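I have placed the structure first, in the form of structure tokens, so that the comments after it can refer back to it.
The values are calculated or read from the model by the stated rules, or taken from the named source; none is laboratory data. Keep in mind the model is a prediction, meaning the values are calculated, not measured. Glycine gets a Cβ as well: all are built from the backbone with ideal geometry, and neighbour counts include every protein chain shown.
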Amino acid sequence: MTSRVHDVWISNTEEYKKNNFNQAMPSRFFKMMIKAVDSNDDGVITMDEYQTLLKNIGASDQMSAEELKEIFDEIGDSELNGERVISVKSVEERWSKYLHVM
Ligand SMILES: [Ca+2]
């Protein structure tokens, strides 16, 4: 969990928080972020969903499709329709300490 793509992921998220939820409680932000990225609320994050989030926050130029795939290959922990996806549960466990929210 120390790769460059992971750092990009974290900095994107921090940027998103700063721009959109600067006043929000960290735990509230975290819930909002999960809700924003898992847009169909099925408990897993797909590459499409994450790409959509990047677009929505104007950060789609910060991460190439290759880097995104790298992230999902590295930290994806389950599969959906043959595609590597990240479960919301693992995001909660892994990122809470990076984002200092729990
Ligand atoms: Ca989803």
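With Ile86, Ile10, Ile34 as the choices, which residue is part of a helix (DSSP H, G or I), within 13 Å of the ligand (Cβ to nearest atom), among the hydrophobic types (A, V, I, L, M, F, W, C) and in contact with a helix residue (DSSP H, G or I) (Cβ under 8 Å, 6 or more places away or on another chain)?
That would be Ile34, the only listed residue that is part of a helix (DSSP H, G or I), within 13 Å of the ligand (Cβ to nearest atom), among the hydrophobic types (A, V, I, L, M, F, W, C) and in contact with a helix residue (DSSP H, G or I) (Cβ under 8 Å, 6 or more places away or on another chain).
Which of the residues spanning the range 49-70 are among the charged types (D, E, K, R) and under 23 Å from Glu93 (Cβ atoms)?
Glu49, Glu67, Lys69, Glu70
Could you check the range 47-83 and list, in sequence order, the residues that are buried (at least 17 other Cβ atoms within 10 Å of the Cβ) and either within 12 Å of the ligand (Cβ to nearest atom) or within 13 Å of Thr13 (Cα to Cα) (or both)?
The answer is Met47, Glu49, Tyr50, Leu53, Leu54, Ala59, Met63.
Output the residues belonging to the range 37-62 that are part of a loop (DSSP other than H, G, I, E, B) and modelled with pLDDT under 90.
The answer is Ile57, Gly58, Ala59, Ser60, Asp61, Gln62.
When you go through (1) over 19 Å from Glu83 (Cα atoms); (2) surrounded by 14 or more Cβ atoms within 10 Å (Cβ to Cβ) one by one for Val44, which number turns out not to apply?
Result: Val44 passes all but (1).
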